[in-house]
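The structure appears right after this line, and notes come after that.
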Amino acid sequence: MAEQSRKQAIQTLLSTEQIHARVQALGAQITADYSASVEQGRELVVVPVLKGSFVFAADLVRGIDLPMTMEFLGVRSYGDETESSGVVQITHDLKRSVEGKDVLLVEDIVDTGLTMQYLLKNLATRNPASVKVASFLHKPARAKVEVPIDYLGFTIEDVFVVGYGLDHAQQHRNIPYLGVLENG
Ligand code: 5GP
């Protein structure tokens, strides 16, 4: 019964198969792009931005065939439930220095771009060798600032999506596909 009502409430936008294929392709691209610097002895640090990117990051890193480390950034964006204000609080900071390392930030979605703009500025002050961005989703219709996305999963329309790590009021993160809340 619960399964039935969940299916009625959430319409599939991207299936698990579509997501898997795209994320594996991104992993292969990242492997190719970083293999020279890793061979030269530089550390690749993958930094998921919590909470929303945890599922994407877990799949993405398993598609990266290189030695690498992970650090986590927790952020809270001040704003209403569905729109960020660009004022970002870091709720969990990196535990190791990223100085001289190649940082790959992993986001669930770039919407207005304000969160990523803040994070890129913040990371730059820590003197990494490079910073690149992998984002599972991009909603260009709502962009307020342009931020570079080096590895993009999918571009989507202006709809509020849940599943594959993304929430609505902290729910639905465990849904294995990407969906749209019909009454959300
Ligand atoms: P931005 O600062 O780019 O506007 O916001 C990015 C953050 O807003 C994302 O990391 C995510 O937490 C949240 N967000 C933006 N659009 C959506 C959406 O469609 N669904 C969900 N669940 N979160 C979203």
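Please treat every number below as a calculation from the coordinates, not as lab data. The model shown is predicted, which means the values in this text are computed figures rather than measured ones. FYI the Cβ positions are ideal-geometry reconstructions off the backbone, even for glycines, and counts take in every protein chain you see.
Computed quantities for the displayed model
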{"quantity": "Normalised per residue, the volume of the convex hull around the Cα set of the chain (Å³)", "calculated": "112"}
{"quantity": "Positive minus negative residues near K51 (Lys, Arg vs Asp, Glu; Cβ under 9 Å)", "calculated": "-1"}
{"quantity": "For the chain: lysine pairs under 26 Å (alpha-carbon distance), excluding those fewer than 8 apart on one chain", "calculated": "16"}
{"quantity": "Pair A143, H92: separation of 7 Å Cα→Cβ label points (nm)", "calculated": "3.0"}
{"quantity": "Top of S35, S135, S97 by mean-square fluctuation, Gaussian network on the chain, Cα under 10 Å", "calculated": "S97"}
{"quantity": "Net charge dipole size for the chain [Lys, Arg +1 and Asp, Glu -1 on Cβ; Debye, nearest 20]", "calculated": "300"}
{"quantity": "Least to most buried among V131, V145 (fewest other Cβ within 10 Å first)", "calculated": "V145, V131"}
{"quantity": "The chain: calculated mean residue ellipticity at 222 nm from DSSP helix runs of at least 4, using -39500 (n - 2.57)", "calculated": "-8500 deg cm²/dmol"}
{"quantity": "Candidates T112, T125, T16: whichever shows maximal mean-square fluctuation once the chain is modelled as a Gaussian network with Cα springs under 10 Å", "calculated": "T125"}
{"quantity": "Sequence of V38, V46 once ranked by neighbouring C-beta atoms within 10 Å, starting from the fewest", "calculated": "V38, V46"}
{"quantity": "Most mobile of Y34, Y164, Y151 in a GNM of the chain (Cα contacts under 10 Å)", "calculated": "Y34"}
{"quantity": "Cα lying deepest toward the dipole's positive end in segment 23-126, options S97, A124, V23, charges on Cβ", "calculated": "S97"}
